[in-house]
Every structure is written in structure tokens, then in C-alpha cells.
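Below: one structure, written as C-alpha cells.
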Amino acid sequence: MTQFSFNGVGVSFGATTILRDVTFTVAAGEKWGVIGRNGAGKTTLFRLLTAAMQPSVGTMAKTPNLRFAVLDQHREFPGVTTVWGAVADAFRELIGLEADLARQADALAHAGEHVTEQQLNRYAHDLERFEHEGGYTYVSRVDAVLQGLGFDAVGAKSEALTHLSGGERGRVALARQLVIPADVMLLDEPTNHLDLETTRWLEEYLRETDETILVISHDRAFLDRVVNHVLHLEDQTAVPYDGGYSHFVRQRAERRLSQTRAFDKQSKAIAKEEDYVRRNIAGQNTKQAKGRRKRLEWLPRLSPPPDDDSAMAVRFLPGDRGGDLVAIFEHAKVQIGERTLLHDFTEWVRRGDVVGLIGPNGTGKSTLLKALFGERELAGGEIRMGGGVKATMYRQDFANVPRTKSLYNIIGDMRPMWERGAIQGHLGMVQFSGDEVMRSASSLSGGELARVALAMMMLEGANLLVFDEPTNHLDVESIEQLEDAIERFAGTVVLVSHDRELLRKLVTRVWELRDGKIRVFDGDFAEFEEVREREEKEQATRVAAAAAERRAQDKAAAKKRTERDSKSRGNARDIRRNAERAESRVTELEQKVASLDAAIADPEIFASPNGRARATAMSRELAQVKQELATAMATWESALAASESLDAT
């Protein structure tokens with residue numbers, strides 16, 4: 001079933017066109033990846049869907065009462081103070097209804113025989129609504145999502161929001177969005193603040209949900225795992241593709257090749273016709289020439305496919321060669337307060353290595369990089385650079401980008417001998433042109449700051465490049481350019497990233513920081529993933545075997561207890577008689593429950609005098625009988641187990 005569609009939609013602001021001729025259709029349950037360069041109109045597309053803005057041209061159709069779950073970029077949670085409360089606040093109305101039902105139940109109990117039909121009807125209606133809207137499952141849903149995104153579900157009920165970092169608040173906002181009851185989920189870079197483990201959890205969660213998903217993401221591995229359609233925004237329009245990201249890459253290449261061939265064919269045909277017109281417009285064949293010129297004027301011209309000339313161009317030129325040992329760690333110990341992030345680590349980075357430093361959020365990866373650069377004092381041991389090593393670091397907080405300067409002055413101060421054209425040309429490599437080069441760094445977005453940071457790194461002439469989450473603010477095309485630049489770099493690289501595709505393409509060694517220790521894996525990231533997957537399966541097998549062994553031991557112990565209990569209660573005949581009596585009692589109570597259920601369900605009871613009061617009394621009796629039945633069932637099961645243990649001996 002179609003949920004919404006765009007037909008020839010365009011968005012313009014004055015003479016500036018953001019989107020034009022956007023046409024696609026989304027059916028219920030489909031999962032779409034929305035990709036394109038920064039500024040291509042991805043966020044505009046989401047705003048159109050949620051009616052935050054209207055198209056300048058074209059039409060949009062949506063099924064009535066379509067519910068959207070949208071991530072709040074401000075990450076504010078008014079009226080709540082805890083992590084759990086911020087996520088559960090998505091069910092604010094349901095929580096209010098739950099409290100109101102409790103008050104209604106208390107009022108019904110106090111009213112007794114004086115309860116009114118209106119009270120009963122309201123309670124029944126609200127109870128049905130509470131169940132229909134997930135009242136009995138929202139708590140477990142909130143707990144599961146918080147746990148999956150790296151929070152302790154129990155501790156989250158008392159963990160204050162004020163103690164969270166920006167990344168943690170981002171995960172809280174994502175958790176809130178995931179639990180909101182909706183038909184369509186609009187996700188904007190959901191993996192930015194996730195580590196590898198929570199990213200994998202999110203992938204499985206989104207794959208299993210029945211909701212329709214549109215996700216803006218630069219994480220190619222994530223897109224390949226989650227989406228079954230891609231909407232590519234390029235050249236002010238959008239092209240839909242079937243399949244995941246890998247399918248999109250192939251289809252896009254085929255489409256571009258087809259477009260190029262058609263454009264070249266038409267261009268040759270037009271050139272041939274124009275040549276004929278020039279040669280014959282004033283000759284004997286002037287009539288034919290004028291006819292051909294007229295046809296050329298009316299001919300719809302094909303556009304060449306967009307090229308990558310405007311993509312970011314990154315080149316890292318290494319400085320001097322440096323020694324074979326680039327960085328040496330000897331019994332290194334890193335602490336923050338009383339917490340030990342790294343204990344007694346001895347290892348080295350060799351020239352030419354591309355080391356992937358990975359691990360869960362909060363384990364201290366960024367802190368370790370600061371210690372490498374001498375910006376954080378070690379609690380023990382030593383970290384030192386090798387001889388002839390010049391290092392530079394891409395910081396995920398962009399702390400090294402001077403916010404008080406213009407882009408032109410930032411580059412000019414690093415290259416004081418460069419003339420204006422050289423400075424502008426260098427900034428042009430990272431997609432800043434014209435008057436943009438005079439912008440203050442304080443006015444830049446995250447993606448723009450990322451490009452400036454890379455422009456600065458390119459001028460360092462370093463032979464050791466250190467990257468701390470370089471893909472967070474880049475679009476897919478820019479990530480691919482960065483990937484190519486690192487691959488071509490002849491020096492040494494240390495890379496902290498949760499982008500698995502980037503790690504698979506580049507990393508030659510893996511350092512996994514976890515629980516205060518670094519596991520060194522001498523192999524590429526794809527090999528490391530295989531080893532980790534095998535280890536996780538083996539661990540799961542061991543856990544399952546241990547659980548099965550515990551169950552067997554518990555069963556054996558229970559059998560021994562039953563045997564001892566049986567002997568103390570008398571002979572086998574008494575035990576079997578107890579089981580028969582217990583079974584008879586269960587049968588009797590089950591019949592009584594069925595009888596009361598039928599009586600309460602009979603509509604004629606409400607037509608008789610005091611019918612409501614009788615129904616209420618029978619409801620109370622039914623609850624009491626059900627409780628007695630539960631006790632009788634437990635007694636029967638115990639007696640039956642004792643009887644079966646006798647039969648087995």
C-alpha cells in the first residue's frame with residue numbers, strides 16, 4: 001500500500017532552486033536510504049514530508065493520519081530529568097492514561113454497588129484504548145531500546161540528563177525516536193554517535209521493524225544492511241533506485257554510462273546538423289537548412305550526467321620518511337580521575353601501518369590519542385614518537401580550527417608566502433569558492449568545519465596522520481574522496497572510526513580498546529570481523545551449554561528434593577491420591593471460572609434490577625476464583641511432579 005508520493009515536486013527560494021522535478025513513491029514497510037552531498041536537499045525533503053514546509057511546484061500525496069517519528073536535533077527534553085524519563089516521555093499520553101485508569105479503578109472499588117454504568121463504560125473504553133496503544137508493552141520497549149543503544153536500562157531511571165555528554169544526549173534522542181509509535185520513521189545520521197556494537201544493534205532493530213523508514217546516512221555498510229531502496233539527491237533532483245547501497249552504486253554507474261552515451265550520440269547528431277545548416281543556409285539548399293535549424297531549435301537537449309569535478313579533492317603529501325618505529329608505547333597507563341582507561345600497554349606503530357583503533361563509546365579512544373600527542377599526562381609508563389616523525393591530528397571536536405579567523409586567513413597564516421590565487425585554489429579543493437573563503441570559521445556547520453580541518457591537515461606535511469572519527473560530518477562522496485586520499489598516502493595512519501566500510505578498505509592492523517586493555521590484531525578489519533564473529537558464536541555456544549548444564553543440575557536437584565519430600569509425606573498411594581485430589585480441585589475451579597465468565601458476558605444481566613452491581617460483585621468473585629485456581633494449579637503441578645518421580649524410580 002502506498003503511504004506517500006512525490007510528483008514533480010520542486011522547492012525554490014527566490015532565484016535559488018533547491019529541488020526540482022522530484023518524483024518517487026514509498027509503500028508501507030519499505031526502507032529507503034536518502035543520500036547526497038551536503039546541501040543537496042536531504043533535510044528539505046524531510047521537512048516537506050512533515051509539512052514543515054510546502055513545495056513551490058508539484059504535488060505530494062499522503063495517506064490520511066500518517067504518523068511521522070522525527071529526531072529532535074535540539075536534544076532538549078523539557079519536563080523530564082532522567083534518561084529513562086526522556087525516552088519514556090514519547091508515551092506521555094499513554095502514561096497519563098495509565099495513571100487515570102488507576103484512579104478510575106480506585107473510584108470503582110470505593111463505589112461498590114453504587115457504581116454507575118457511565119463509570120464502567122468509561123473504564124472499559126479507556127482500558128481497551130490503553131491495551132491497543134501498547135500500554136502493557138511500552139516499559140519493556142523503552143528498556144530494550146536503551147539497553148541496545150548502550151545504556152543500563154535500570155540505571156537510566158536514576159541517571160540525570162545533566163550528566164550526559166553531547167553524544168550521549170544524541171543517543172537518548174535517538175532512543176526516544178525509535179520508541180515513538182509511528183507509521184514512518186525519519187532518521188537523520190543515526191549512527192553518528194554510535195560505536196560498532198550499538199550500530200549493529202540498530203541495524204537489526206531497523207531490519208525487524210514493520211515501520212517505513214527513510215534514513216539519511218553516510219555509513220555505507222549501515223545502508224547496505226538496512227535499506228532496500230535508495231533515493232539519490234544530485235543535481236537539484238532525486239533519482240530512486242531499488243536495492244541496497246551496493247546495488248545503488250552499480251545501478252548508478254550503469255545509468256551514468258547510459259546517459260553519457262545518449263548525450264554523446266545526441267551531441268554528435270546536433271553537431272552534424274549544425275554543420276549542414278552553416279554550409280547550406282545561404283546556398284541552393286537554404287530551404288532544407290532552415291527546416292533543420294527549426295528542428296534543432298525544438299529538439300529537447302539531453303544534459304550530461306553530473307560529474308565528480310565538484311567533489312572534495314583531498315591529497316596528503318608526506319613529509320620526510322621518518323624511522324621504522326613511528327610511535328612506541330611502553331607500559332602505558334591512562335587514567336581519568338580514579339578510572340583507568342588503559343593499563344600497562346606495550347606495543348608500537350610501524351612505518352606504513354594503518355592502525356584502526358576501535359572500541360565501545362567511552363572506553364577512552366580520544367583520550368589515548370591526546371596522550372599520544374602529549375596533551376594528557378600518563379598515569380604510568382611512556383608514549384613517545386619515533387625519530388623523524390611529524391604528526392598531525394583530525395579532531396572530531398575541531399578544536400584546532402581557529403573560530404575567530406576567516407577561512408582565507410586560516411590558510412594564509414599556514415602559508416604566508418602564498419598569493420591569493422593559491423589560497424583560494426586550496427580552499428576550492430575542499431569545496432569553498434568565491435566569497436565563501438572570507439567566511440568566519442565560527443559561522444560554519446559541522447560538515448564545513450570538517451572540510452576546513454582536512455584542508456589544514458593537507459598543509460602539514462606530516463608523515464603520521466591521526467584521525468578521530470573523520471566521517472561524522474562528511475557526505476558519502478566526500479568520505480570516498482578521503483578514503484582514496486588515505487589509501488594513496490605513503491606514510492602512517494592511526495584511524496579511530498565506526499565506519500566499517502572505511503575500516504575494511506584501509507586498515508592493516510586493528511587495536512581494540514576494551515575494559516582497560518588493547519587487543520592487537522595483526523590483520524585487516526575484515527579478517528578481524530570474521531574472528532570476532534567466530535568468537536562471539538563460540539561464546540554464545542558456551543553460554544548456552546552452561547545454561548543447559550545448570551538446567552540439568554537444577555532438574556536433578558529438584559528430583560532429589562521431590563523424592564525426599566515424597567518419602568517424608570508417606571507412601572506412593574498417598575502421593576497419587578494427593579495428585580488426583582489436586583487435579584479435581586483444578587477442574588472444579590476451572591468450571592467455576594467458565595460459569596462466572598459466561599454470566600458476566602450475558603447482556604441480559606444489565607437489563608435486570610441492580611444488574612451493574614451484580615456484575616461488579618461477580619467480577620470480584622471471578623478475580624478471587626482465578627487466584628484460587630492459580631494456587632490450585634501450583635499445588636497440582638507439585639503433586640504431579642512427586643507422582644511422576646515415583647513412576648520413574
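The values are calculated or read from the model by the stated rules, or taken from the named source; none is laboratory data. Note that the coordinates shown come from a computational prediction; the quantities given were computed from them, not determined experimentally. Cβ placement follows ideal geometry from the backbone for every residue including glycine, while neighbour counts extend to all protein chains displayed. What goes into the accessible areas is simple: the full protein's heavy atoms, side chains included, and nothing from ligands, DNA or RNA. Shrake-Rupley method; radii C 1.70, N 1.55, O 1.52, S 1.80 Å.
From the cross-link list K42/K265; K390/K505; K265/K294, which pairs have alpha carbons spaced over 26 Å apart? It would help to have the intermediate numbers written out before the result.
Working: K42/K265 33 Å; K390/K505 24 Å; K265/K294 20 Å.
Checking Cα-Cα distances, K42/K265 exceed 26 Å.
Taking the Cα centroid of segment 156-174 and of segment 201-238, what is the distance between the two, rounded to the nearest whole Å?
Using only Cα atoms, the two centres lie 25 Å from each other.
Rg/Rh for segment 208-330: what does it come to with C-alpha atoms and Rh from Kirkwood? Can you show the working numbers first?
Details: Rg = 25.3 Å, Rh = 20.0 Å.
For segment 208-330, the value is 1.27.
Lys/Arg Cβ at +1, Asp/Glu Cβ at -1, dipole of the chain taken about the Cα centre: which of W201, L94, A632 is farthest positive-ward?
About the Cα centre, the residue reaching furthest to the positive side is W201.
Just going by the charge dipole of the chain, with Lys and Arg at +1 and Asp and Glu at -1 on Cβ, which of G359, A547, F432 is farthest out on the positive end?
F432
Under a plain spin-label model, where a point goes 7 Å from the Cα along Cα-to-Cβ, how far apart in nm are W348 and H247?
Here the answer is 5.0 nm between the modelled labels.
Scattering from the C-alpha atoms of segment 378-463 alone, worked out with Debye: what is log10 I(q)/I(0) at q = 0.11, 0.12, 0.19 1/Å?
Those come out to -0.35, -0.41, -0.84, one per q.
Taking R0 as 41 Å, what's the FRET efficiency between V154 and Q54 from their Cβ-Cβ distance, rounded to 0.05? Please report the intermediate quantities before stating the final value.
Working: r = 45 Å, r/R0 = 1.11.
Approximately 0.35, to the nearest 0.05.
Each label point is 7 Å from the Cα along the Cα-to-Cβ direction; what then is the distance between the points at R561 and M429, in nm?
7.3 nm
How many nm separate the modelled label positions at H132 and E583, each set 7 Å beyond the Cα in the direction of the Cβ?
Taking the simple label geometry, H132 and E583 are separated by 4.4 nm.
Lysines near K626 by alpha-carbon distance under 24 Å, same-chain residues fewer than 8 away left out - which ones?
Answer for K626, where 24 Å is the Cα cut-off: K592, listed by chain and number.
So, how do all the Cα-to-Cα distances of the chain break down into 20 Å bins, in percent, from 0 on up?
Per 20 Å bin, starting at zero, the Cα-Cα P(r) for the chain comes out as 13, 35, 29, 16, 5, 1, 0 percent.
Using a Förster distance of 60 Å, how high is the FRET efficiency between S140 and R256, based on the Cβ-Cβ distance and rounded to 0.05? Don't skip to the answer; put the middle values down first.
Details: r = 48 Å, r/R0 = 0.80.
Computed FRET efficiency for S140 and R256: 0.80.
Can you pick out the pairs among K31/K157; K157/K365; K517/K537; K333/K537; K370/K517 whose Cα atoms lie more than 24 Å from each other?
Numbers: K31/K157 32 Å; K157/K365 28 Å; K517/K537 22 Å; K333/K537 32 Å; K370/K517 17 Å.
Exceeds cut-off: K31/K157; K157/K365; K333/K537.
Report the gain in length on full extension from D574 to R67: 0.36 nm times residue separation, minus Cα-Cα distance, nm rounded to one decimal.
On the way: separation 507, 0.36 × 507 = 182.52 nm, distance 6.30 nm.
176.2 nm is the gain from fully extending D574 to R67.
Within the accessible area of segment 202-303, what % is carbon and sulfur when the probe is 1.4 Å and the other protein chains stay in place?
Carbon-and-sulfur percentage of accessible area, whole number: 50.
So, for segment 467-522, what is the accessible surface per residue at a probe of 1.4 Å, expressed in square angstrom? Can you show the working numbers first?
Working: 1810 Å² over 56 residues.
I get 32 Å² per residue for this part.
Quote to one decimal, in nm, the extra length available between K268 and W298 on full extension: 0.36 nm per residue of separation minus the C-alpha distance between them. Don't skip to the end; give the middle numbers.
Working: separation 30, 0.36 × 30 = 10.80 nm, distance 1.68 nm.
Here the answer is 9.1 nm.
Between 0 and 90 degrees, rounded to the nearest ten: what's the tilt of helix 476-488 against the longest Cα principal axis of the chain?
70 degrees
Considering only C-alpha atoms, what is the centroid distance from segment 320-357 to segment 451-516, in Å?
First find each Cα centre; the distance between them is then 17 Å.
From the square roots a ≥ b ≥ c of the eigenvalues of the alpha-carbon gyration tensor of segment 9-66, which class results: rounded (a/c under 1.5), prolate (a/b over b/c), or oblate? Working shown, then result.
Details: a/c = 2.02, a/b = 1.36, b/c = 1.48.
It comes out oblate by the Cα gyration axes.
For segment 318-463, which whole percent of the accessible surface, found with a 1.4 angstrom probe, sits on carbon and sulfur atoms?
47 percent
Assuming 0.36 nm per residue, please report the length gained on full extension of the stretch D515 to R92 beyond their Cα-Cα distance.
Details: separation 423, 0.36 × 423 = 152.28 nm, distance 3.72 nm.
Contour length minus Cα-Cα distance gives 148.6 nm.
Report, in degrees rounded to the nearest 10, the 0 to 90 angle that the Cα long axis of helix 446-458 makes with the longest principal axis of the chain.
Between the helix axis and the principal axis of the chain, the angle is about 50 degrees.
Using the alpha carbon gyration tensor of segment 410-525, what are the three equivalent-ellipsoid semi-axes (square root of 5 times each eigenvalue), largest first, in whole Å? Could the numbers behind the result be given before it?
On the way: eigenvalues 187, 46, 33 Å².
Working from the Cα gyration tensor, I get semi-axes of 31, 15, 13 Å.
Return one number: the angle in degrees, 0 to 90 and rounded to the nearest 10, between the long axis of the Cα atoms of helix 525-569 and the longest principal axis of the Cα atoms of the chain.
Value to nearest ten degrees: 0.
For segment 501-564, what value does the Rg/Rh ratio take when both radii are computed over Cα atoms and Rh is the Kirkwood radius, given to two decimals? Spell out each step's value before the answer.
On the way: Rg = 20.3 Å, Rh = 14.9 Å.
Taking Rg over the Kirkwood Rh, I get 1.36.
Taking only the C-alpha atoms, wrap a convex hull around segment 291-448 and report its volume per residue in Å³ as a whole number.
On the way: hull volume 35.1 nm³, N = 158.
Convex hull volume per residue, Cα atoms: 222 Å³.
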